[in-house]
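In what follows, a single structure is set out as structure tokens and then discussed.
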Amino acid sequence: MEKVKKRVIYILFVILLSSFSITSFAHPGRTDSNGGHHDNKNKSGLGSYHYHHGMGPHLHPGGVCPYGAGDSQTSSYTPSPSISIKNYPETLNVGESGRFEYSVSNATNNEKVVVSSDDSVVRVDSNGILIAEGEGVAQITIKASGVTNTFSVRVVAVPVTEIKITNEIDKIQLGESYQLEVNVFPENATNKNIVWSSDNDEIIEISGTGVINTKSAGIATVTATSVNNIEYKTRVEVYEVFPKTIKCDNSVTLIVGENENFQINILPENANNKEYTVTCDNDSVLKYSNGSIQAVFEGETVLHIETWNGIKRDVPVRVEIIPVDGVEIIDSTDYLFSNVIDKSSEISLAVEISPSDATYQNIEWTSSQEDIVEVKDDEFIVQGVGKVTLTCLAQGGITNSIEIIVIDKIVAIIIMLVLVVGVSGMAPSLIKKGSIRKVVMKIRHLK
């Protein structure tokens, strides 16, 4: 009985061990000489063939045991490092970024490096994110614990599918410019560069940034073209505004000698060509030059203004003077006594004209006796003795005169002495004693 009992216990123990073996390795059966065996029903979930040799059921990627056990069936070998990659992008558009996941099994250290075979295609940033830079294929390699693993990423361009000018303009005035704006679709198109062109550069020139520059009146078509030849066209008319009216003073009155700005406005204000000419009927009365008129001489004339397209305007001009009201003689002559000078003296006369701003300030002097006082180049030249009248003549026939007596001073003194002596009753005595003769000799000596 005891023997039977022991046998039953042994059988139960073997059955228990078999149960643990099935749970651990997920299938029954023996391994072959390589430490692996077929698993036809894939109970392990690893495929039709896998390994054990002292470990849990596993595969040998590339013929290498991840546990470093080789073909040994003992569990004393150290597992080898390995890198597994998942969720990596196989394709990216230029400009996009992508992430991936990887893990390192049985790592021997913490060093990990991710590099790209071509940074111009795919660049790996500091956070391990893939940045698609340009078209092509790049290999991404992960290095860790002395092992590597790689995957490929293809980068493709996103083509432009549509172009639209968002601020089209139907008409534009000659001389103006206009900036065109464009939208490129899709938003993530790789190359959004646009080439601008005009079908008639003599009407419209367009810059590389889409600025319309008008050259002449007419119609031209502007085209925006993408690098893959997607186009958008817009038709633009360039029109010209012509002068219609000349705006200026209806008439002008000036004083001889005056200069004045003569303002001329060509309307409408936005007329393209405002060129005009100005002529004068009588240049001896009035002169026009570069927007300024100058009154030359008293009289009347007409200014003729004409635009390039035949719009005309005539402006009458009158040139007047400020007349002389009066002249005053300013006398600085050194007289012997009232209005009497010696024939050796100088006559000093000037004239003050009123009003002071009279147009003509010139004066002409004349002498009633040229043999006594001659007038030459506005200077008074004493020629002899006697009474003379000097007259000044201003514009408009305005005159003023002064009377001057020119004498010989020596003779005048003798006469004065005779008169004085005669009055005092002493003449006979002075004559007798020769006093007059002595006085005359002294005066001549003084002279």
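Of all the criteria given as (1) closer than 30 Å to Thr399 by Cβ; (2) out of contact with any Leu (no Cβ under 8 Å at 6 or more places or on another chain), the one not satisfied by Ser289 is (1).
Of the listed requirements (1) without any contact (Cβ under 8 Å) to a residue 40 or more places away in the chain; (2) touching a Gly at 6+ places or on another chain (Cβ under 7 Å); (3) loosely packed, with under 13 Cβ neighbours inside 10 Å, Ile203 misses just one: (3). Within region 370-396, the set of residues being under 30 Å from Ile322 (Cβ atoms), free of Cβ contacts under 8 Å to residues at least 40 places away in the same chain, open to solvent by 50 Å² or more (accessible area, probe 1.4 Å) and not in a loop (DSSP other than H, G, I, E, B) comprises Lys376, Glu379, Leu393.
Here is a yes/no grid of residues against (1) over 48 Å from the mean Cα position of the chain (by Cα); (2) in a loop (DSSP other than H, G, I, E, B):
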residue: Val114; (1), (2): yes, no
residue: Asp118; (1), (2): no, yes
residue: Arg123; (1), (2): no, no
residue: Gly128; (1), (2): no, yes
residue: Ile131; (1), (2): no, no
residue: Ala138; (1), (2): no, no
residue: Ile142; (1), (2): yes, no
residue: Asn149; (1), (2): yes, no
residue: Arg154; (1), (2): no, no
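Within region 83-109, the set of residues being aliphatic (A, V, I, L, M), buried (at least 16 other Cβ atoms within 10 Å of the Cβ) and outside any loop (DSSP other than H, G, I, E, B) comprises Ile83, Leu92, Val104. Restricting Ser367, Ser424, Ser435, Ser429 to residues that are modelled with pLDDT of 95 or more and either closer than 30 Å to Ile321 by Cβ or not charged (D, E, K, R) (or both) narrows the list to Ser367. Is region 263-270 home to any residue that is open to solvent by 30 Å² or more (accessible area, probe 1.4 Å), among the charged types (D, E, K, R) and either in contact with a Leu (Cβ under 6 Å, 6 or more places away or on another chain) or part of a strand (DSSP E or B) (or both)? Checking region 263-270: not a single residue is open to solvent by 30 Å² or more (accessible area, probe 1.4 Å), among the charged types (D, E, K, R) and either in contact with a Leu (Cβ under 6 Å, 6 or more places away or on another chain) or part of a strand (DSSP E or B) (or both).
Meeting the requirement of 2 or more residues that are under 30 Å from Val385 (Cα atoms), the strands (runs of 3 or more DSSP E) wholly within region 293-343 are 326-331, 340-342. Within region 123-137, being among the aliphatic types (A, V, I, L, M) and open to solvent by less than 30 Å² (accessible area, probe 1.4 Å) holds for Ile129, Leu130, Ala132.
This table checks each residue for (1) touching a residue at least 24 places away in the same chain (Cβ under 8 Å); (2) among the acidic types (Asp, Glu); (3) farther than 30 Å from Ile203 by Cβ; (4) open to solvent by less than 80 Å² (accessible area, probe 1.4 Å).
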{"position": "Ile142", "(1), (2), (3), (4)": "yes, no, yes, yes"}
{"position": "Thr148", "(1), (2), (3), (4)": "yes, no, yes, no"}
{"position": "Asn167", "(1), (2), (3), (4)": "no, no, no, yes"}
{"position": "Tyr178", "(1), (2), (3), (4)": "yes, no, no, yes"}
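Contact map, region 240-256: residues that are of a type outside the set (A, V, I, L, M) paired with residues that are in a loop (DSSP other than H, G, I, E, B) and open to solvent by less than 80 Å² (accessible area, probe 1.4 Å), Cβ distance under 6 Å, separation 6+ or inter-chain. Pairs shown: Glu240/Leu174; Glu240/Ala217; Glu240/Asn272; Phe242/Asn309; Pro243/Ala271; Pro243/Asn309; Pro243/Ile311; Cys248/Ile264. Kindly indicate whether any position in region 184-194 is part of a strand (DSSP E or B), touching a residue at least 12 places away in the same chain (Cβ under 8 Å) and of a type outside the set (A, V, I, L, M, F, W, C). No - not one qualifying residue is present in region 184-194.
The values are calculated or read from the model by the stated rules, or taken from the named source; none is laboratory data. Computed from a predicted structure; not experimentally measured. No Cβ is skipped: glycine too gets one built from the backbone with ideal geometry, and neighbour counts run over all protein chains shown. Keep in mind that these areas ignore ligands, DNA and RNA; they rest on the heavy atoms of the full protein, side chains included. Shrake-Rupley method; radii C 1.70, N 1.55, O 1.52, S 1.80 Å.
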